[in-house]
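Notes follow the structure.
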Amino acid sequence: MRRPAVAGSFYPRNPESLIAMLKEFTSPNPDSRLVACVSPHAGYMYSGRTAGKVLSLTPKADTYVILGPNHTGYGSPVAVGMDSWMTPLGVVEVDQEFVDAMPKICVVVDDTAHRYEHSLEVQVPFLQFLHGDIKIVPICLGLQDQETAKDVCDEIIKAEEETGKRVVVIASSDMHHYLPDDECRRLDGEVIDAIISMDIPAYYRKIYDMQASVCGYGTIGVAMYYAKHKNARPELVDYSTSGDVADRSSVVGYAGIAFRV
């Protein structure tokens with residue numbers, strides 16, 4: 001059982017308090033055309049409104065493939081978890097049939113990478129609140145280069161085809177970190193434009209040329225590859241920074257992006 005690592009800090013540990021916050025941040029509007037999205041992963045008081053707006057669009061799916069960057073350094077470079085996940089709203093099972101169908105060429109089964117990682121955990125209560133009983137496939141990326149993003153996407157597509165399941169891919173990422181608010185917004189705008197362009201090599205060049213502090217840039221790469229496979233188009237649903245609720249001198253940016261067919 002994978003127990004919550006950031007309940008009580010990133011979001012409320014008390015179920016009633018958590019539900020009240022999720023009610024405030026979401027307006028359920030499931031869109032069957034949505035196949036992937038980008039959602040931020042900071043504390044709910046900072047990024048919860050943006051996360052709630054984009055995740056409110058997610059349709060009911062057989063499996064939610066959640067990709068997050070590895071902030072802790074634990075575990076394998078590309079790790080999928082198999083343990084059940086406990087949250088204040090109950091237990092979520094990993095879709096073992098889907099994981100079994102992944103080729104495991106790039107992705108390795110390793111729950112160690114997930115034990116203390118917050119980037120995937122904070123997405124799960126939103127999905128539970130919006131969709132009730134769900135199954136997830138949590139993938140933690142220590143490697144985020146373009147080749148790895150393509151390989152991970154290929155494994156997701158292979159498992160999707162083999163199982164015949166309806167999948168939604170969720171890329172967990174914040175944008176630029178610890179910049180003045182106006183500079184953060186300007187630089188995030190350049191990255192968001194690169195995502196909207198759907199030119200994946202150009203997106204990666206932008207990330208590297210800017211030395212962008214976008215922590216989950218590889219998870220976004222996976223979502224872009226998956227969206228291309230589905231012929232989906234991106235749309236910026238919401239953007240905010242931590243400066244909207246806190247000090248504007250050093251902020252983190254948050255983008256909610258939906259990919260729809």
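All of the numbers you see were taken from the coordinates with simple rules; none came from a lab. Keep in mind it's a predicted model, so treat the numbers as computed, not measured. Reconstructed Cβ throughout: ideal geometry from the backbone, glycine too, with neighbour counts over all protein chains shown.
Extension gain for the segment Met45 to Ile105, taken as residue separation times 0.36 nm less the Cα-Cα distance, is 17.8 nm to one decimal. Annotation: peptides 93-104, 67-78, 22-33, ranked by per-residue average of other Cβ atoms within 10 Å with the highest first, follow the order 67-78, 93-104, 22-33.
Calculated over region 23-133, the projected area of the Cα convex hull averaged across directions stands at 7.1 nm².
Net charge in the neighbourhood of Val65 (other residues with Cβ under 9 Å of its Cβ; Lys, Arg +1, Asp, Glu -1) is -2.
Taking each DSSP H run with n ≥ 4 as -39500 (n - 2.57) and averaging over every residue of the chain yields -12000 deg cm²/dmol at 222 nm. Within the shell of other residues whose beta carbon sits under 9 angstrom from the beta carbon of Val214, the net charge comes to -2, with Lys and Arg scored +1 and Asp and Glu -1. Return the lysines within reach of Lys135: Cα separation strictly under 26 angstrom, same-chain partners fewer than 8 residues apart disregarded; answer none if there are no such residues. By straight Cα distance, Lys135 reaches Lys23, Lys53, Lys60, Lys104, Lys150, Lys158, Lys165, Lys228, Lys230.
Between Ile19 and Ser250, the modelled label-to-label distance comes to 3.8 nm, taking each label 7 Å out from Cα in the direction of the beta carbon.
Spin-label model, Glu147 to Ser32: label points 7 Å out along the Cα-to-beta-carbon direction sit 4.1 nm apart.
Rg and Dmax of region 84-183, based on Cα coordinates, read 15.1, 47 Å.
Between the labelled values [x] 7, 26, 29, 22, 10, 4, 2, 1, 0, 0; [y] 8, 34, 40, 17, 1; [z] 7, 31, 37, 19, 5, 1, 0, the entry that holds P(r) over Cα pairs in 10 Å bins from 0, in percent as derived from this structure is [y].
The relative contact order of region 114-211 comes to 22 percent, based on Cα pairs under 8 Å that sit 6 or more residues apart.
Residues in region 17-35 near a label at Glu235, defined as backbone nitrogen under 17 Å from the 7 Å Cα→Cβ point? Once the point is set 7 Å along Cα→Cβ of Glu235, 27-35 turn out to lie under 17 Å by backbone N, inside region 17-35.
Of the beta bridges in the chain, as assigned by DSSP with both residues counted there, near 50 percent are antiparallel. Taking each residue as 0.36 nm, the span from Asp199 to Glu97 lengthens on full extension beyond its C-alpha to C-alpha distance by 33.5 nm. Between Arg115 and His71, the modelled labels are 1.8 nm apart [label points 7 Å from Cα along Cα→Cβ]. Taking square-rooted eigenvalues a ≥ b ≥ c of the alpha carbon gyration tensor, is region 194-261 rounded, prolate or oblate, where a/c under 1.5 means rounded and, failing that, a/b exceeding b/c means prolate? It comes out oblate by the Cα gyration axes.
Taking every Cα-Cα distance in region 28-70 and sorting them into 10 Å bins from zero, the calculated P(r) comes out as 27, 53, 21, 0 percent.
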